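The values are calculated or read from the model by the stated rules, or taken from the named source; none is laboratory data. Predicted, not measured: the structure shown is a model, and the values here were computed from it. Neighbour counts are summed over all protein chains in view; Cβ atoms, including those assigned to glycine, are modelled from backbone coordinates with ideal geometry. What goes into the accessible areas is simple: the full protein's heavy atoms, side chains included, and nothing from ligands, DNA or RNA. Shrake-Rupley method; radii C 1.70, N 1.55, O 1.52, S 1.80 Å.
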Amino acid sequence: QVQLVESGGGLVQAGDSLRLSCAFSGGTFSNYAMGWFRQAPGKEREFVAVISLSSGYSYTADSVKGRFTISRDNAKTTVYLQMNSLKPEYTANYYCAARSGSRSSSAQVYDYWGQGTQVTVSS
């Protein structure tokens, strides 16, 4: 059974940086596209970034483009989300997700989810 464990969240100030990590286990990591999503209180879960099986293709949501970068290390079976120039509106619980096959920005098609890591950005 695939398991995902996020880490790296915390309380930071606006303009700071954080790097989130998501450790993958229980399957063949290179068979999965990996995505990051976030959910703020009272809001729906929204897409943040996705990376393809071999890191050959990735993209981020327009709301974080130029600030966030997704990457993966298939040898370490870990996916990362580098977040720079953080804003208070980025405060949310951040989740990583795994999908067998091609990348997608739709949360509904992901097969496995982590428990999330909280990111709080103060102004």
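Of the conditions (1) open to solvent by less than 20 Å² (accessible area, probe 1.4 Å); (2) in contact with a Leu (Cβ under 7 Å, 6 or more places away or on another chain), ALA92 fails just one. Which one is it?
Tallying (1) open to solvent by less than 20 Å² (accessible area, probe 1.4 Å); (2) in contact with a Leu (Cβ under 7 Å, 6 or more places away or on another chain), ALA92 fails exactly one: (2).
Which numbered condition in (1) open to solvent by less than 70 Å² (accessible area, probe 1.4 Å); (2) more than 29 Å from GLY26 (Cα to Cα) is the only one that GLY66 fails?
(1)
Kindly indicate the residue of the range 69-82 that is of a type outside the set (Val, Ile, Thr) and farther than 13 Å from TRP36 by Cβ and also surrounded by the most Cβ atoms within 10 Å (Cβ to Cβ) among those meeting that condition. Please lay out each step first, then the result.
Within the range 69-82, the subset of a type outside the set (Val, Ile, Thr) is 71-76, 80-82.
Filter once more, so that each one left must be farther than 13 Å from TRP36 by Cβ: 73-76.
Values: ASP73: 12, ASN74: 14, ALA75: 8, LYS76: 12.
Checked the range 69-82; the qualifying residue surrounded by the most Cβ atoms within 10 Å (Cβ to Cβ) is ASN74.
Output the residue which, of all residues in the range 11-22 that are part of a strand (DSSP E or B) and open to solvent by 50 Å² or more (accessible area, probe 1.4 Å), is nearest to SER54 (Cα to Cα).
The extreme case among them is ARG19.
Please name all residue pairs, on different chains or six or more residues apart, with Cβ atoms under 6 Å, provided the first residue is in the range 90-108 and is assigned to a helix (DSSP H, G or I) and the second residue is of a type in the set (Lys, Arg).
Going by the 6 Å Cβ cut-off, the qualifying pairs are ALA107/ARG45.
For ALA49, are the conditions met, namely being over 14 Å from GLN115 (Cα atoms), touching a Gly at 6+ places or on another chain (Cβ under 8 Å) and open to solvent by less than 30 Å² (accessible area, probe 1.4 Å)?
Yes, satisfied.
Can you tell me which of (1) modelled with pLDDT under 95; (2) assigned to a loop (DSSP other than H, G, I, E, B) is the one LYS76 doesn't meet?
Unmet for LYS76, out of (1) modelled with pLDDT under 95; (2) assigned to a loop (DSSP other than H, G, I, E, B): (1).
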